[in-house]
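A.B. asks: Please find one structure pasted underneath; my questions will follow.
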Amino acid sequence: MPTRSKSSSDGATETPLMQQWREVKARNQDALVFFRVGDFYELFFQDAEEGSKLLGLTLTSRNNGAAARVPLAGLPVKAVDEYLAKAVQLGRRVAICEQVEDPAEAKGIVRREVVETVTPGTVLHDRLLSADRNNFLVAMCPDGKPRPEDPSSGWERVGLAVVDLSTGEVAVQELPRGEVGDELGRLEPSEVLLPRALDGWGLPMEGAAVTFREDWIFDLATAREELEGRYRVRSLEGFGFQAEDGLLVRAAGALTSYVAQIQPAGVAHLRPPRIRRPGSVMALDEMTRRNLELVESLRPGLEGGTLRDVLDQTVTAMGARLLRRWILTPLVDPQAIWSRQSAVAALVEDPATRAGGREALSRVADLERLAGKVGAGRVTPRELLALGRSLAALPDVQDVLTGSPDETLAGLGGSLDLLPETLDLIDRAIASDAPATLQEGGVIEPGYSPELDELREVRDGAVDFIAALQARERERTGIGSLKVGFNKVFGYYLEISRSNLDRVPEDYLRKQTLTNAERYFTPELKEWEEKVFGAEDRMASLEAELFSQVRREVASCVERLQSTADRVAELDVLSTLAEVAVRGSYVRPDVHTGFEMEIRGGRHPVVETMMPREEFIPNDLVLDDSGFIVILTGPNMAGKSTILRQVGLIQLLAQMGAFVPADAARIPVCDRIFTRVGASDNLARGQSTFMVEMNETAAIIHGASDRSLVLLDEIGRGTSTYDGVSIAWSVTEHVHEAIGAKTIFATHYHELTQLGDLLPAVKNMNVVVRESGEDIVFLRRLEDGGADRSYGIQVARLAGLPRDVVARARELLEELEGTHSHGGEGLGRHGAHRPASEPPPGQLSFFSPDHPVVDELRRLDPENLTPLEALNLLAELRRKVDE
Ligand code: ADP
Ligand code: MG
């Protein structure tokens, strides 16, 4: 689009300011332009309108020459962070356009340039970042050419590169298209960068700003050149890139060229890309992450409701971020798990090391983000001081570690780079009471620069000089009221009141006349004044020069700072896991590469913290070759869902290398944990439909292996009883025959307990309740065998349903049960008072092996059904049953 720099649409001549704005806007069309005019940032035209809607700015207008008026909205420079935060949180990008020359010296209009573009994925302002989580920007590169008519086709895999610009870390991986949603859900990027060709493809996540860039920045040659130049390497092999990693290179190259472009002050802190190969960590899909409430509660606003809330005893921001990552990426390499375990164990067993280490760590500020600021050239004097204080705490951290008998800990200690020269430099160069900004002066420590010290002496001598001069001149002139003063416009002067003018000496030269006094200067005063003014100017520029020297010198150590930050974060998390283990009485699980899982006295790490400790009832569970599928029954509120999630969380904790809430545990390394919650149980998801539930179930059937842990909570509930039971039944059979995954299936369908008798590796368990008169007491105890009935009416009573309603329900129940056992139509409800091991007479004939529907179910291959076919099939089966 050609820029209209000379005239506005009605042909009238524009002011030079508006012409300049148009030029800037033309180059930054996808951003709101904050256009600096004096003490304000101004937004014009469409930006002004958007700014008033999004940011609550007042919309006015401004004259634009020739009677044309321009929509305008302004914000004070002082308040810019607040508005940036708003804009970025709403997913907008902002180009900050500054005056880049002194208005006093400008010929004509002041030159302006965009000095920085702030986007959701690249913000570096403290106020816009949260300390305990990363802020990710993701770039994705498809492996084929998206078809213009349907950009979601024409490609199958993507290279995915991710950066946290505030910390400088970069990682890359390759994924099939179907896994992109889960990975984005894990990373929760605030911005996603895509090639323009993908415009129109529905990004499988919400909440991220999408930025398109020209396709060519994703070209292999361009990307390779960009990366080699950025990291100053001859070839990318050193980073582990191989010949077939073209997609990774293309995504990474596009990513770094984009961030460099919008941060002109530099991105020297970008770290070389880490390559994540498939299978290096446990994949966790979005539903599992949510259902296990790992880092986000299903009930928003509930404090302390997630695994992270319970585990987060970290003492540094770096540790908090790393902990979050460890939770979301459990390990699968047993060696790696064991080495974390042994470090945690060493810290559990040695309280002094643990306490000492954590105390020292707590004195370390966010080194990783400080390093990021140093690298991006935006560190302030106070931040350098914080960096210095953090470095000063490191020797204590190291002392604690090097004494440890554990290899991992001793290794961390031994390789901890203390950066003594950097610490020394900051100590010597930066004044311990340095102000927040350089402009305020007084940043450089006395003694660091002899020239600066001398200049300061001149300035500090001013008070003495003035006092001495005043005393001397009073004596010489005999005027007791003579005073030496200073003002901004006229500088230093000698002031004599009108009544004493007759006594003014010859050598006084007039400077300024007031109503009641005259002001003078002398050659001596003039000379001295010039010296002082010169000193002040020189001091300001010298301080700026010295500070930027120090900054550059620290910047040359950014990589070392970052690897120190990594170790600090790791130690923080390890000591946190130890601390949590001690406080919560967790044990070290025996993590092994075999099949069986055995948990003794297992507890739910989050639920147990919500009640007095002795009130939580621990439970045992064994899953092995002779029984790896558990049909878990029990009335509503008995504790089924809690046990299910408890097992999932213990599995996950074990693979993080953490201790687990149990008396003892043997945990096999699993490749994936799947957790699904039936539609009607899944309140948080609003759009919970039976279809969604079936989609998810299909995904498990496709993704699970005999090394997976599958946790199904009331799957099949979102449809009629027969439909639901049929699906649950066939899914269980399939898992049993074809997959072999350890599975716990919580259900209120008693029919399913028959599976325990039919299939060898399926066993029934139930969460017991005791009847006491009309009521039931929840024992929360897990036992072998299926539940005998559902106790729905008792639960309803407990929940406060009125007496007569409960009585009537009881009546109806008896009636229904009577009808049913006489072979009537009933409601298809399951039998009551029936020991699970004994198949009920007649009533479940539907499941007799020769029923045509069962035949059909057996022949069915769920793997090859689309969800739509499955639904049609269900309707068909249902029709047959009703016939
Ligand atoms: P269900 O899935 O069987 O309906 P839940 O697992 O949702 O039951 O448990 C209901 C409530 O019972 C939980 O919110 C918790 O407060 C309590 N609960 C569950 N398990 C235990 C336990 N082992 N010890 C103590 N209280 C428990
Ligand atoms: Mg439940």
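A.B. asks: Using a Cα-Cα cut-off of under 30 Å, which lysines could be cross-linked to residue 483, ignoring same-chain neighbours fewer than 8 residues away?
C.D. replies: Once the sequence-local lysines are set aside, what remains near residue 483 is 511, 526, 531.
A.B. asks: At 7 Å along Cα-to-Cβ for each site, give me the label-to-label distance between residue 498 and residue 636 in nm.
C.D. replies: Result for the modelled spin labels: 9.6 nm.
A.B. asks: Would you mind calculating the relative contact order of segment 475-529 from Cα pairs under 8 angstrom and at least 6 residues apart, reporting the percent as a whole number?
C.D. replies: Dividing the mean separation by the residue count of segment 475-529 yields 31 percent.
A.B. asks: Kindly express, to the nearest 10 degrees and within the range 0 to 90, the angle between helix 16-27's C-alpha long axis and the longest C-alpha principal axis of the chain.
C.D. replies: 30 degrees
A.B. asks: Residues with amide H under 5 Å of residue 620's amide H, sequence separation 5 or more or different chain, H placed in the peptide plane at 1.01 Å from N; which?
C.D. replies: Residues meeting the criterion, in which the H sits 1.01 Å from N, are 601, 602, 782.
A.B. asks: In degrees from 0 to 90, rounded to the nearest 10, what is the angle of the helix 351-361 Cα long axis to the longest principal axis of the chain?
C.D. replies: Between the helix axis and the principal axis of the chain, the angle is about 40 degrees.
A.B. asks: Shifting gears a bit: So the label point goes 7 Å from the Cα of residue 530 along Cα→C-beta, right? Which residues of segment 424-459 then have their backbone N under 18 Å from it?
C.D. replies: 458-459
A.B. asks: Pulled fully out, how much extra length does the chain show between residue 61 and residue 587, if you take 0.36 nm times their separation in residues and subtract their Cα-Cα distance?
C.D. replies: Roughly 182.6 nm would be gained on extension.
A.B. asks: What is the calculated FRET efficiency for residue 671 to residue 624, with r their C-beta to C-beta distance and R₀ = 22 Å, to the nearest 0.05?
C.D. replies: So, using R0 = 22 Å, E works out to roughly 0.80.
A.B. asks: Lys/Arg Cβ at +1, Asp/Glu Cβ at -1, dipole of segment 166-260 taken about the Cα centre: which of 216, 180, 194 is farthest positive-ward?
C.D. replies: Checked the options; the winner is 216.
A.B. asks: Identify the GluC sites (Glu not before Pro) of segment 190-296 meeting these criteria: DSSP loop state and at most 16 other C-beta atoms within 10 Å of the C-beta.
C.D. replies: 206, 214, 244, 296
A.B. asks: Now, a different point. Can you send over the carbon and sulfur percentage of the accessible area for the chain, probe radius 1.4 Å, protein chains only?
C.D. replies: 51 percent
A.B. asks: Identify the GluC sites (Glu not before Pro) of segment 498-587 meeting these criteria: DSSP loop state and at most 13 other C-beta atoms within 10 Å of the C-beta.
C.D. replies: Those satisfying the criteria are 506.
A.B. asks: Which whole-number percent is the relative contact order of the chain (Cα, under 8 Å, 6+ apart)?
C.D. replies: 8 percent
A.B. asks: Using the Karplus curve 6.51 cos²θ - 1.76 cosθ + 1.60 with θ = phi - 60°, what ³J(HN,Hα) values do you get for each residue of segment 534-547, in whole Hz, with x for Gly and Pro?
C.D. replies: The phi angles translate into x, 4, 5, 4, 5, 4, 4, 6, 5, 4, 4, 5, 5, 5 Hz.
A.B. asks: Could you work out how much longer the chain between residue 470 and residue 813 gets when fully extended? Use 0.36 nm per residue separation minus the Cα distance between them, nm to one decimal.
C.D. replies: Difference between extended and current length: 112.8 nm.
A.B. asks: Quick one: if the Förster radius is 30 Å, what FRET efficiency do residue 46 and residue 106 give, using the C-beta to C-beta distance and rounding to 0.05?
C.D. replies: With a Förster radius of 30 Å, E is 0.60.
A.B. asks: State, in angstrom, two size descriptors of the chain derived from its alpha carbons: Rg to one decimal place and Dmax to the nearest whole number.
C.D. replies: Cα only, the chain: 36.1, 131 Å (Rg, Dmax).
A.B. asks: With a cut-off of 8 Å between alpha carbons and a minimum separation of six or more residues, what is the relative contact order of segment 515-666 in percent? Show your work: numbers first, answer last.
C.D. replies: Working: 123 pairs, mean separation 47.7, N = 152.
With pairs under 8 Å counted, the relative contact order is 31 percent.
A.B. asks: Hey, can you grab everything whose amide H is under 5 Å from the amide H of residue 32? Only 5+ residues off in sequence or another chain; H modelled, so Pro and N-termini drop out.
C.D. replies: Under 5 Å from the amide H of residue 32 lie the amide H atoms of 93, 94, 95, each far enough along the sequence or on another chain.
A.B. asks: Taking the simple approach of a point 7 Å from Cα along Cα-to-Cβ for both residue 463 and residue 549, what is their distance in nm?
C.D. replies: Using points 7 Å along Cα→Cβ, the separation is 2.9 nm.
A.B. asks: Follow-up. By how many degrees, 0 to 90 and rounded to 10, does the Cα axis of helix 803-821 deviate from the longest principal axis of the chain?
C.D. replies: So the helix axis and the longest Cα principal axis differ by about 50 degrees.
A.B. asks: Within segment 155-189, whose backbone N sits under 18 Å from a point 7 Å along Cα→Cβ of residue 242?
C.D. replies: From segment 155-189, the list is 158-160, 172-176.
A.B. asks: Run the numbers for residue 771 and residue 878: contour at 0.36 nm per residue of separation, minus the present Cα-Cα distance, in nm.
C.D. replies: Contour length minus the Cα-Cα distance gives 34.9 nm.
A.B. asks: Also, quick follow-up: Name the GluC sites (Glu not before Pro) in segment 69-168 that are in a loop by DSSP and that have at most 10 other C-beta atoms within 10 Å, would you?
C.D. replies: 105, 149
A.B. asks: If the cut-off is a Cα-Cα distance under 29 Å, which lysines reach residue 742, setting aside same-chain residues fewer than 8 apart in sequence?
C.D. replies: 640, 763
A.B. asks: In whole Å, what is the distance between the alpha-carbon centres of segment 725-749 and segment 130-176?
C.D. replies: 35 Å
A.B. asks: Mind listing the long-range amide H neighbours of residue 674? Cut-off is under 5 Å, sequence gap 5 or more, other chains count too, H placed in the peptide plane at 1.01 Å from N.
C.D. replies: 709, 710, 711
A.B. asks: Per-residue HN-Hα couplings for segment 471-484, Karplus 6.51 cos²θ - 1.76 cosθ + 1.60 at θ = phi - 60°, whole Hz, x for Gly and Pro?
C.D. replies: 4, 4, 6, 4, 5, 4, 8, x, 9, x, 8, 4, 9, 9
A.B. asks: Rounded to the nearest 0.05, what FRET efficiency do residue 407 and residue 427 give with R0 = 41 Å and r taken as the Cβ-Cβ distance? Could you check?
C.D. replies: 0.75
A.B. asks: How many Å² of accessible area per residue for the chain, probe 1.4 Å?
C.D. replies: Accessible area per residue, the chain: 45 Å².
The values are calculated or read from the model by the stated rules, or taken from the named source; none is laboratory data. On a predicted model such as this, the values are computed, not experimentally measured, just so you know. No Cβ is skipped: glycine too gets one built from the backbone with ideal geometry, and neighbour counts run over all protein chains shown. These accessible areas exclude ligands, DNA and RNA; they are computed on the full protein's heavy atoms, side chains included. Shrake-Rupley method; radii C 1.70, N 1.55, O 1.52, S 1.80 Å.
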